[in-house]
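Worksheet for the structure shown next.
Computed from the coordinates by the stated procedures, all read-outs in this text should not be read as laboratory data. Keep in mind that what you see is a predicted model, and the values were worked out from it rather than measured. Because the Cβ atoms are built from the backbone with ideal geometry, glycine has one as well, and the counts that use them run over all protein chains shown.
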Amino acid sequence: MTVDLVLRDAKIYLPSGIVEAGLAIEDGRIFKVAKESNLPSASEKMDLNGMLVLPGVIDVHVHLRDQELSYKEDFYTGTCAAANGGVTLVIDMPNNKPVTMTSAALKERMDLASRRIVVNVAFYSAFPREISEIRRIANAGAKAFKIFLSHTVGGLDPNNEKSVIEAFMEAAKSNLPIAVHAEDGLLLQENIKSLRLEGRDDLYAFSEAHSPEVEVRGIRRAMKLARESCAHVHVCHVSTADGLRIISKAKSSGLPVSCEVTPHHLLLSEEYVDKVGSIALINPPLRSREDVLYLQRALKEGLIDIVASDHAPHTLKEKEGSSVWDISAGMVGLETMLPLMLTMFNRGQISIQTIVKVLAEKPSKIFRLKDRGVIREGAYADLVVVDIKREWVIDPSEFYSKAKFSPFEGWVVKGKPVKTFVNGVLSMDECEIVVKPGHGKIIVN
């Protein structure tokens, strides 16, 4: 037979290890991995010159914006940024305008995205007002629910413990994980009120408001919710050593919990705010050097399930202001996450196995993305080809994202995604997007 495409002269990451081989693709899936002499004939052949092929990155924490927030980012620019960063599938967060919190809103968002995306996209939903709507949202194709414990996003009051547990239990019936922004809302508001009464409006006031204790209390509550509901709770963007210790202890006790950490919390400490100012304003904020070093050790030791970007684009104007309370928190990360992780590998801080585990295998497993996140025969051909030794400088002016700024501007990184294949088709080639809008698929099963 003749397959669609053969990639030859590659180093391919397989579950059993890295092999020198070629890869045949047919109808969007991996048909065969073998020495070139054992591969079928192909309509097209591509020589990878010995470069490394990894499973495409799955980013489980992305804000693609669009709709009424399209001035920040839209489905096309956001997914172009993903492809440029070696990301083949993103899961879109629901705190949009309008908020994704009903089956109708989810379907509208999916329909809009389907015409514009260049990588695959799955969707979160916020919890609706009526518990009966949870099943309809699940049936419409949501891959997970998202809740902010610090404030209301969607139709569920996070301070109503009984309603929250009922919602978690209902989501669990559809086997959907629940991503939790774990901050204690009461303590957070007390901190903000106290700081504002003191006249504090500097960048460090934000960090003090969103203190480590705010996160730790939020994580303790998230673990309690997992225990009482039996739902799978996934803690977003863990930034503190104490918070991660609580999650690790809960895992050891058998609770169905997982967690993610961002590259910026792995690599930047709070002192970096002095260097780049409000560009580094994020929620949760950058933490102490001790927290950063602990998270790095935890990543190496396998205590962190997922690394996710928390790609949160804003306009430059929204990142500026005389008062921190008027500045939008968030930064982009789709185009820098994999290069930063490859740089950590080249520094000897983590292994390629760890990179694949936290960027592909665990995201696929936790969010039930069947036949994705792995290179094996029969799996989808979502792949990223990396030049493991290429050194280059991060330049946000070259981002596909509309938010062309980053705290990593000027960093010399080592390791670059040079080709991205989505559904078996070359979608990014040396920073150029080579597919049309609509190539990506909406992932609902």
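List of remarks:
- The range 2-50, relative contact order [Cα under 8 Å, separation at least 6], %: 47 percent
- For Ala10, residues with placed amide H under 5 Å, excluding near neighbours: Ala21, Gly50
- Dipole in debye (nearest 20) - the range 2-50, about Cα centre, beta carbon charges: Lys, Arg +1; Asp, Glu -1: 160 debye
- Dipole magnitude for the chain: about 1120 debye, using +1 per Lys or Arg Cβ and -1 per Asp or Glu Cβ, origin at the Cα centre.
- For the range 2-50, projected area of the alpha-carbon convex hull averaged over all directions, nm²: 3.1 nm²
- Ranked Cys236, Cys431, criterion: other C-beta atoms within 10 Å, fewest first: Cys431, Cys236
- Counting neighbouring beta carbons within 10 Å and listing from fewest to most, the residues Tyr204, Tyr124 come out as Tyr204, Tyr124.
- 23 Å tail of the calculated P(r), the range 283-388, as % of Cα pairs: 41 percent
- The fraction of Cα-Cα pairs per 5 angstrom bin, counted from 0 for the range 129-227, comes to 2, 13, 21, 20, 15, 10, 8, 6, 3, 1 percent, rounded to whole percents.
- Taking the DSSP beta bridges with both ends in the range 2-50, the antiparallel portion is around 70 percent.
- A helix-only calculation puts the chain at -9000 deg cm²/dmol for mean residue ellipticity at 222 nm, using -39500 (n - 2.57) for each DSSP H run of at least four residues, averaged over all residues.
- Over every Cα atom in the range 240-325, the radius of gyration and the widest Cα-Cα span, Dmax, amount to 14.8, 47 Å.
- The spacing between the range 273-344 and the range 191-221, judged by their C-alpha centroids, is 17 Å.
- Nearest 10 degrees, 0 to 90: helix 212-229 Cα axis against the chain principal axis: 70 degrees
- Least to most buried among Lys162, Lys173 (fewest other Cβ within 10 Å first): Lys162, Lys173
- Global geometry of the range 4-109, whether rounded, prolate or oblate, following the gyration tensor of its Cα atoms and the 1.5 cut on a/c: prolate
- Charge dipole (the range 2-50, unit charges on Cβ, about Cα centre) - positive-most of Ala42, Thr2, Ile12: Ile12
- Rounded, prolate or oblate (a/c below 1.5 giving rounded, otherwise prolate when a/b exceeds b/c) for the range 61-190 by Cα gyration tensor: prolate
- Net dipole in debye of the range 1-122 [+1 Lys, Arg Cβ; -1 Asp, Glu Cβ; about Cα centre; nearest 20]: 140 debye
- Counted over the chain, the DSSP beta bridges are approximately 50% antiparallel.
- For the range 292-344, the Cα gyration tensor yields ellipsoid semi-axes of 29, 14, 9 Å (square root of five times each eigenvalue, largest first, whole Å).
- Considering only Val235, Val307, Val276, the Gaussian network model of the chain with Cα springs below 10 Å gives its largest mean-square fluctuation to Val276.
- Shown here: Cα extents along the principal axes in Å, derived from the displayed model; of the candidates [x] 87, 71, 43; [y] 72, 46, 42; [z] 71, 49, 43, it corresponds to [z].
- Alpha-carbon centroids, the range 375-404 and the range 25-97: separation in whole Å: 9 Å
- The Glu398 and Ser351 beta-carbon pair, evaluated with R₀ = 30 Å, returns a calculated FRET efficiency of approximately 0.55.
- Greater than 23 Å apart at Cα, pairs in Lys107/Lys162; Lys11/Lys389; Lys97/Lys365; Lys72/Lys419: Lys107/Lys162; Lys97/Lys365; Lys72/Lys419
- Across the range 59-149, the mean sequence separation of Cα contacts (distance under 8 Å, 6 or more residues apart), normalised by length, yields a relative contact order of 28 percent.
- Calculated diffusion of the range 185-298, Stokes-Einstein form, Kirkwood radius summed over Cα pairs, 25 °C and 0.890 mPa s, µm²/s: 165 µm²/s
- When peptides 182-193, 345-356, 315-326 are ranked by their average number of other Cβ atoms within 10 Å per residue, the highest-first order is 182-193, 345-356, 315-326.
- Counting only alpha carbon atoms, the long axis of helix 103-114 and the longest principal axis of the chain meet at about 40°.
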